[in-house]
Amino acid sequence: MTENHSDIAQAQHEIIDEFSLFDDWLDRYQYIIDLGKKLEPLDESDRHDEALLDGCQSRVWLLASGDDQQLDFKAASDAAIVSGLIYLLLRVYSGRSAEQILNSQPFFIEALGLSEHLSSTRANGLNAMLNEIQRLARQAAQSADGG
């Protein structure tokens, strides 16, 4: 269990290391856009209103599958930078247990300076995506507890 928790931390440290290669924010933005292009395409059938997130200026669809032992996320956006942010979140949280997700903090966001460098609408969208991932993890944990 602890080993997998460190996987979340390790994924975040790897992201921080990758971004440390870029000196300025134009290069970092471009890298975020490039990462977004690596997202698995979302089937049109998965782009339904129930999967559409509130709180994002661009359209963001987020879906979860699995159970409390392993939640797998897939997502898409119609905006390039938001797609890159989704890619980063999925890299950190997809394939983890509900407990791991709920017991970890997204410290890479602060370490990269995303809070200061994203527009307020993108920062709100990032927050909405994080909140939804945590909500889905809570829901999976409660289902496992019979609640």
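The values are calculated or read from the model by the stated rules, or taken from the named source; none is laboratory data. As the structure is a computational prediction, the values presented were derived from the model and not from experiment. Heads up, the Cβs are rebuilt from the backbone with ideal geometry, glycines too, and the neighbour counts pull from every protein chain shown.
Descriptive notes on the structure:
- On the stretch given as segment 49-91, residues that are basic (Lys, Arg) and over 23 Å from Phe108 (Cβ atoms) total 1.
- Residue check, Ile15 under 23 Å from Ser120 (Cβ atoms), surrounded by 15 or more Cβ atoms within 10 Å (Cβ to Cβ) and among the aliphatic types (A, V, I, L, M): yes
- Only one of the numbered conditions (1) of a type in the set (A, V, I, L, M); (2) out of contact with any helix residue (DSSP H, G or I) (no Cβ under 7 Å at 6 or more places or on another chain); (3) closer than 21 Å to Asp17 by Cα; (4) in contact (Cβ under 8 Å) with a residue 60 or more places away in the chain is not met by Ala111, and that is (2).
- When Gln57, Gln142 are checked against the criterion of being free of Cβ contacts under 8 Å to residues at least 60 places away in the same chain, out of contact with any Phe, Trp or Tyr (no Cβ under 7 Å at 6 or more places or on another chain) and farther than 28 Å from Leu21 by Cα, Gln142 stands alone in meeting it.
- Taken over segment 111-129, the residue count meeting the criterion of being crowded, with 18+ Cβ neighbours inside 10 Å and either farther than 24 Å from Gln70 by Cα or out of contact with any strand residue (DSSP E or B) (no Cβ under 7 Å at 6 or more places or on another chain) (or both) is 6.
- Residue in segment 97-106 that is farther than 20 Å from Glu50 by Cα, in contact (Cβ under 8 Å) with a residue 40 or more places away in the chain, of a type in the set (D, E, K, R) and in contact with a strand residue (DSSP E or B) (Cβ under 9 Å, 6 or more places away or on another chain) present: no
- Selection status of Ala80, surrounded by 15 or more Cβ atoms within 10 Å (Cβ to Cβ) and within 22 Å of Ser97 (Cβ to Cβ): no
- Against the numbered list (1) touching a helix residue (DSSP H, G or I) at 6+ places or on another chain (Cβ under 7 Å); (2) among the polar types (S, T, N, Q); (3) modelled with pLDDT of 95 or more, Gln57 comes up short only at (3).
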